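Colleague: Below are the structure tokens for one structure; questions will follow.
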Amino acid sequence: MKNIHFIGEWFDCRTPNSVLSDPQAIQTRCMEHIARRHLPIRYDYFTTAASHGVIGAMTGKDIHIVLRTFPHHDSVIADLFVDQGDHSQISAAMQVFDGLRDEFRPMRALLHRVQRDGQALLVQGRTPRSPTEVFLLKPARRA
């Protein structure tokens with residue numbers, strides 16, 4: 001089954017540290033973006049992490065978004081997974097991902113496209129044309 005999986009690293013975020021360490025503030029912002037795009041999120045949970053940041057997850061049928069904030073470093077790591085069955089859902093999920101990135105206002109951002117088994121995935125919308133990172137199910141042989 002094909003899917004898309006992205007990991008975003010957002011550095012030097014200009015969102016106040018008080019927001020980066022508040023689970024309810026992060027949850028509210030995330031759910032506003034989810035509601036705006038009508039994604040089928042059925043469960044969400046946000047809590048304080050050991051690093052005084054926030055870890056939160058939103059899941060639904062064939063989709064998950066996970067956020068982790070690091071207030072002491074003004075950074076956020078976001079993980080998005082969507083099954084490629086429904087193109088409108090993929091588009092909406094990418095818009096949520098981009099909206100969340102813009103919400104945290106990072107000065108620098110990295111986007112890693114995760115592939116399994118080194119198989120090429122279909123390119124859609126704003127997705128990179130080639131992966132920035134590939135994870136193999138089986139370890140590669142060393143020469």
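Every read-out reported here was derived from the displayed coordinates using simple, explicitly stated rules and does not represent laboratory data. These numbers were taken from a predicted model, which means no experiment stands behind them. Using ideal geometry, Cβ is built from the backbone for each residue, glycine included, and neighbour counts are taken over all protein chains shown.
Colleague: Want the number for Met31 to Arg105: 0.36 nm per residue separation, take away the alpha-carbon distance, what's left?
Modeller: 24.9 nm
Colleague: Note the full-extension length gain between Gln24 and His87 as 0.36 nm times their separation in residues minus their Cα-Cα distance, in nm to one decimal. Before the final figure, lay out the partial values.
Modeller: Details: separation 63, 0.36 × 63 = 22.68 nm, distance 3.05 nm.
The Gln24-His87 span can extend by a further 19.6 nm.
Colleague: Something else about it: Give me the net charge for the shell around Arg105: Cβ to Cβ below 14 angstrom, other residues only, Lys and Arg +1, Asp and Glu -1.
Modeller: Combined, the nearby Lys, Arg, Asp and Glu give -1.
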